[in-house]
Amino acid sequence: MTTTRAPHSRVRRIVGIGISAVLFIAALLVIRSELRDHPLPEIMAELRSFRPLRLILCLATTVLGYLALAGYDALSLATLGRHLPPRRVLYAAFLGYAFANSLPLSVVTGAAVRYRLYSQWGIERSDAARVVTLNTVTYVVGLLTSAGLAFALQPVLMPGFLHLPLRTARPIGLACLLAVAGYLIWSSRSGEDLRVWRLELPRTGIRMALAQIGVSIADWVLSGAALYVLLPHRVPFHVFFAVFLLGQIAGLIAQVPGGLGVFEAVMLWGLTPALTTPSILIGLVGYRLIYFLLPLGVATAVWAVREGRRWIRSRKGPHGARAPA
């Protein structure tokens with residue numbers, strides 16, 4: 001029995017080390033790219049251009065936003081009947097989303113982090129996969145609800161460069177709300193889980209579905225607020241939020257990490273009549289630094305220390321003796 005498990009355990013260890021190395025290198029490349037585009041003296045000068053209160057509010061909403069993201073994992077684990085200490089849920093969610101928000105293939109990146117952590121905490125890989133699926137559903141349902149309400153209440157004009165046959169975003173908002181209504185109806189009914197190819201979507205029940213929507217709306221509102229506090233307040237929040245969500249959706253469709261470029265273009269197009277271009281650009285740079293780059297830097301350092309400690313422990317046997325090669 002031991003001899004059969006040993007090769008399997010060795011393969012899992014190698015795969016885990018490979019995942020850690022890929023995440024670490026990818027994160028360093030992203031940070032290096034950001035620092036090349038915005039040298040450190042330029043970053044500090046841009047941050048000093050903000051009033052301290054605005055930076056504090058942006059940091060506060062960023063922290064609250066990542067706490068809301070941890071709610072995704074908490075709800076998914078509760079749906080599956082799996083329980084972890086809150087500190088571990090926060091730890092896994094922060095690392096997963098800090099990497100996923102800035103690295104390519106965000107779903108794959110977040111899944112790799114969770115597989116690595118949850119498997120070490122006694123959760124089977126099949127359940128870890130379901131957590132990732134449920135997190136994605138929570139994310140999408142919350143985005144559809146937020147966008148549906150925002151576009152219905154504030155039908156922003158559609159940017160011409162998106163080449164969509166729509167004058168305003170209201171039809172998109174109504175379609176989003178219909179999709180959410182369909183999800184709630186499906187969740188409220190009894191029956192088997194939904195299977196799409198190899199993916200299995202558990203039927204959460206109406207109370208859990210409403211909780212998913214509530215947590216995800218909180219995430220989207222806090223994410224938008226982190227940028228809003230860095231801009232001159234000449235635009236009501238509900239108008240800004242509609243433009244913000246339109247930019248996020250366009251960035252997601254473009255499949256660029258953090259919606260880089262596409263998101264900024266939509267924000268400039270939607271806010272320029274009320275705000276000056278320099279003020280929007282400075283706010284966007286500050287937002288990218290605080291909401292994306294800062295968590296990525298912290299997560300990279302935490303991941304490096306964690307994996308370094310694990311490697312040192314693996315090289316030592318009982319009582320601090322080195323393990324045989």
Counting only residues that are assigned to a helix (DSSP H, G or I), touching a residue at least 40 places away in the same chain (Cβ under 8 Å) and within 13 Å of Leu246 (Cβ to Cβ), the stretch 135-171 contains a total of 7
When (1) more than 30 Å from Ile56 (Cβ to Cβ); (2) at pLDDT 95 or above are applied to Thr204, the one that fails is (2)
Here the qualifying pairs (Cβ atoms under 9 Å; residues six or more apart or on different chains; first in the stretch 75-97 and free of Cβ contacts under 8 Å to residues at least 12 places away in the same chain; second open to solvent by less than 60 Å² (accessible area, probe 1.4 Å) and of a type outside the set (Phe, Trp, Tyr)) come out as His83/Leu77
Of the residues in the stretch 120-129, those that are in contact (Cβ under 8 Å) with a residue 24 or more places away in the chain and in contact with a helix residue (DSSP H, G or I) (Cβ under 7 Å, 6 or more places away or on another chain) come to Trp121
Reported set for the stretch 93-120 where residues are in a helix (DSSP H, G or I), under 17 Å from Val302 (Cβ atoms) and under 12 Å from the mean Cα position of the chain (by Cα) is Ala93, Phe94, Leu95, Gly96, Tyr97, Ala98, Phe99, Ala100, Thr109, Gly110
Taking the stretch 294-312 and the residues there that are more than 25 Å from the chain's Cα centre (by Cα) and exposed (fewer than 11 other Cβ atoms within 10 Å of the Cβ), the one that is modelled with the highest pLDDT would be Arg309
Taking the stretch 217-251 and keeping only residues that are open to solvent by 40 Å² or more (accessible area, probe 1.4 Å) and not in a helix (DSSP H, G or I), one is left with His233, Arg234, Pro236
Condition test on Pro52, is it under 19 Å from Ile282 (Cα atoms) and either modelled with pLDDT under 60 or open to solvent by 80 Å² or more (accessible area, probe 1.4 Å) (or both)?
yes
Filter the stretch 49-88 for residues that are under 15 Å from the mean Cα position of the chain (by Cα) and aromatic (Phe, Trp, Tyr); the one that is nearest to Glu124 (Cα to Cα) is Tyr72
In the stretch 270-293, residues that are outside any helix (DSSP H, G or I) and surrounded by fewer than 18 Cβ atoms within 10 Å (Cβ to Cβ) total 4
**Report entry** Met267 being farther than 22 Å from Ala70 by Cα and either open to solvent by 40 Å² or more (accessible area, probe 1.4 Å) or assigned to a helix (DSSP H, G or I) (or both)
**Finding:** yes
Residue hits (the stretch 200-216; closer than 24 Å to Phe94 by Cα and either assigned to a strand (DSSP E or B) or among the acidic types (Asp, Glu) (or both)) are Leu201
Test for Ile123: is it part of a loop (DSSP other than H, G, I, E, B), of a type outside the set (Gly, Ala, Ser) and open to solvent by less than 70 Å² (accessible area, probe 1.4 Å)
yes
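The values are calculated or read from the model by the stated rules, or taken from the named source; none is laboratory data. In this text, all values refer to a predicted model and were calculated from it rather than measured experimentally. Please note: Cβ atoms are built from the backbone with ideal geometry, for glycine as well, and neighbour counts cover all protein chains shown. Accessible surface is based on the protein model in full, side chains and every heavy atom, while ligands, DNA and RNA are left aside. Shrake-Rupley method; radii C 1.70, N 1.55, O 1.52, S 1.80 Å.
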